[in-house]
Structure formats: structure tokens, C-alpha cells
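The values are calculated or read from the model by the stated rules, or taken from the named source; none is laboratory data. This one's a predicted model, so the numbers in the text were calculated from it and none came from an experiment. Using ideal geometry, Cβ is built from the backbone for each residue, glycine included, and neighbour counts are taken over all protein chains shown. Just so you know, the surface numbers come from the protein's heavy atoms only, side chains and all, with ligands and any DNA or RNA stripped out. Shrake-Rupley method; radii C 1.70, N 1.55, O 1.52, S 1.80 Å.
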Amino acid sequence: MQIKQLDKADGEALAAFDLIVDVRSPAEYAEDHVPGAVSLPVLTNEERAEVGTIYVQESRFRANRIGAAYVARNIARHLETALADTPPETKILVYCWRGGQRSNSMATILSRVGWRTAVLVGGYKTYRRRVREELYDRPRPLKPVLLDGNTGSGKTEVLAQLAARGLQVIDLEGLACHRGSLFGAMADPQPSQKLFESCLLQALERLDPALPVVIEAESSKVGDRMVPPALWQAMQTAPRIELVVPRAERARYLTEAYGDIIADAAALEEAFRRLPVYPAQKRLIEWRKWIAAGDYVPLAEALMELHYDPAYARGRRKHGVEPLAQVAIDRLDEAGLEAAAEAVAQSVSGFQRERPTR
């Protein structure tokens, strides 16, 4: 059976396949991959390193012989396990780093078995080039509306409720696996910048550009991940809906939302060291007393007053964009967050249906 050659990696072309197989090593896959692709490596991390070393230090022939043996065994294992129950009518796309030996080895076997198989010409590099073009080289047709509000205003929860109501949203913090502040690290590590961009592009391509999309107001970086220019430029002039919550209520809410951080005294100390202005010794002593006593609400209020709230205020002055609407929330409980989400949804629905800027 003939192996098809696919020379583009846009969403429409990729959607034509039932299964996308990444045959690169697990380390390459972990750094970035086509969204939805499954990892079926023909060489493990260790095998790839070994073959590469033999190729450079000994001989190309010996490297090819040993590599071929590894590839054959690994493909056989995938046929007996991961691919064992794959229906015969499945359309499979295979890719490696450059669309060379690894992907063609797998595609040849899959095609011989009887699956309709294609290889991505240029491999992962073709896909990555397209991601760069979409996120760095051209503006996106978007109608963003930013969900703003000081730290602890419940923006992430309101964003989730908007999605549940059927509104278009982009959850940058979820994609970046970071809550977007000095204390925002999550249990899972952040994805690589490349994988973050892959997931972001996939989310963007699912949107209807004629409709507004709600995005939490962020800086140009979410943790250590940079928001690509195509989106960041659109966010710069986007209208904003601001959640307004009393500082005391935000402090109470933060001690619950950031429970994993505040329970770790060492993580708190590390976060203090990363504050733009390191606290004076007298203030640190007071903060440490609160931590030792488990009294985190006044600590949260102090951090908001000294760092977070002024930083948000500076950012708003810099952008100079008046809010489209303000939504007051007295209590960040279930009822309060639901009422806030409803008010935001109504404001978004009133946003004019304009042609997206290109």
C-alpha cells in the first residue's frame, strides 16, 4: 500500500487523520508535539543517544545496524500493544523530527499491515514552522475581551463559569500551568514554551473570530512562559471587564485558593525573595510570625497592599483603557461567583459584533 506524503500541518490537514503518531524519542515528545499526537517512539532516549554516539565516534554503518535493530523491536512492541486494537480503516499520520528515517520506517510497516498511512514531509519542523508563523509572524483575527481584577478577585473561577455558559474563553493560566504571580506555581511543572504555544494555537484555532473571546488580563509572561506577539498585541488594546472585590475578601479567598503554597514555608520565603522590592527586616519578622501562627489572611492583605494592588494599578495606567464594565463582588463564594459570571456574560453579549482586526 502506498504511503501518502503530507506537506502541510495546518489544523484542517491534521484533522483528516484518525491517529497522529509521534515516533520521536520521549524527551523530544515531552518538549513539544502536535496536539493530540500519541507517543510511539521508535528509539528511546537512551537508544537515540547511543546510536548518535556510535555514528559520530565509530561508524555510520554500525550506527545504522544497531539503530535498525532497536527500531524494529520497538515497532514490533507498538504493534503488539498500543496499536493492537486499532481498526483497519484508521487513517494514520506519522512524523519524526524531519520526516526522515524514523517516520518512514514506522510508516512502511503500518502501510504493509494495511492501515492508510501518511508521513508529514519535513516532520515536526514543518509543524513547528507553522506554529511560529501563526503566533509570531501574522496578527490573528480576534475580538478579545479581558477579564480584569486585582489579585484574588476570582478571575479564574469566573472564566471557567463563562466557558460552562458557552462563551468563548482562553485560559492562559491553565495552558501555562501557572497562576500568573510570584506565588502562582502549580504542582505540575510548566510546559516548555514550544508546548505552551502548540496548545495555545490549538485553542485559538477552535474560536469563531466573529465572536468575542474572554481572556484573563495577564502580563506578557505567565510564570516563565511568554504570551506570543499575535495574541499579546490583540490583548493590548482589548476592552476590559473589571471584577471589583474588597481587599479583605480577596485575602480570605487567596488563603484558600493558594493553600498549597501557604502551607510551604520554604516556598513562601522563596516568593518573598522574588518580590521586586525585598521587604524590610521588621516587616519580614512580622510576616514570619503570621506564618508560624498559621494566620495567613493578614499576610495576604499585606502582600496585596504593598505589591500586587500597586502593580495592577500601574499596569492599568500604562494601558490607559477604561473598563467596558465593572462587576462588584462582595463575597467570593459559590453564589457570588455565579452572579459575577452572569454579569460578565451580559457585558460580553453587549459587546458590538465588529469585524475582527486583521
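Worth a mention:
- Put simply, of GLY99, GLY123 the only residue that is within 30 Å of the chain's Cα centre (by Cα), crowded, with 20+ Cβ neighbours inside 10 Å and modelled with pLDDT under 95 is GLY99.
- Taken together, GLU157, GLU133, GLU173, GLU205 contain a single residue that is of a type in the set (Asp, Glu), under 26 Å from ALA248 (Cα atoms) and open to solvent by 50 Å² or more (accessible area, probe 1.4 Å), which is GLU157.
- Matching residues, segment 54-83, being in contact (Cβ under 8 Å) with a residue 12 or more places away in the chain and within 33 Å of the chain's Cα centre (by Cα): VAL71, ASN74, ILE75, HIS78, LEU79, ALA82, LEU83
- Test result for GLU249, at pLDDT 95 or above, closer than 19 Å to ALA313 by Cα and out of contact with any strand residue (DSSP E or B) (no Cβ under 9 Å at 6 or more places or on another chain): yes
- Scanning segment 219-263 for residues that are of a type outside the set (Val, Ile, Thr), assigned to a loop (DSSP other than H, G, I, E, B), without any contact (Cβ under 8 Å) to a residue 60 or more places away in the chain and surrounded by 15 or more Cβ atoms within 10 Å (Cβ to Cβ) turns up just one, GLY223.
- Qualifying residue in segment 210-218 (condition: part of a loop (DSSP other than H, G, I, E, B), in contact with a Gly (Cβ under 7 Å, 6 or more places away or on another chain), under 29 Å from ASP264 (Cβ atoms) and open to solvent by less than 50 Å² (accessible area, probe 1.4 Å)): yes
- Whichever residue in segment 1-40 is among the polar types (S, T, N, Q) and farther than 17 Å from GLY122 by Cα and, among such residues, is least open to solvent (accessible area, probe 1.4 Å): SER39
- Close contacts from segment 116-141, counting a first residue that is closer than 26 Å to ALA210 by Cα and a second that is among the β-branched types (Val, Ile, Thr) and open to solvent by 30 Å² or more (accessible area, probe 1.4 Å), with Cβ to Cβ under 8 Å and a gap of 6+ residues or different chains, come to PRO139/THR357; PRO141/THR357.
- Unmet criterion (only one of (1) under 18 Å from LEU159 (Cα atoms); (2) open to solvent by 40 Å² or more (accessible area, probe 1.4 Å); (3) in contact with a Ser or Thr (Cβ under 8 Å, 6 or more places away or on another chain)) for VAL321: (1)
- One residue stands out among those in segment 1-24 that are among the small types (Gly, Ala, Ser) and out of contact with any Asp or Glu (no Cβ under 8 Å at 6 or more places or on another chain): the one that is farthest from THR86 (Cα to Cα), which is ALA9.
- One residue from SER111, SER105 being closer than 21 Å to LEU6 by Cβ, open to solvent by less than 40 Å² (accessible area, probe 1.4 Å), in contact (Cβ under 8 Å) with a residue 24 or more places away in the chain and assigned to a helix (DSSP H, G or I): SER111
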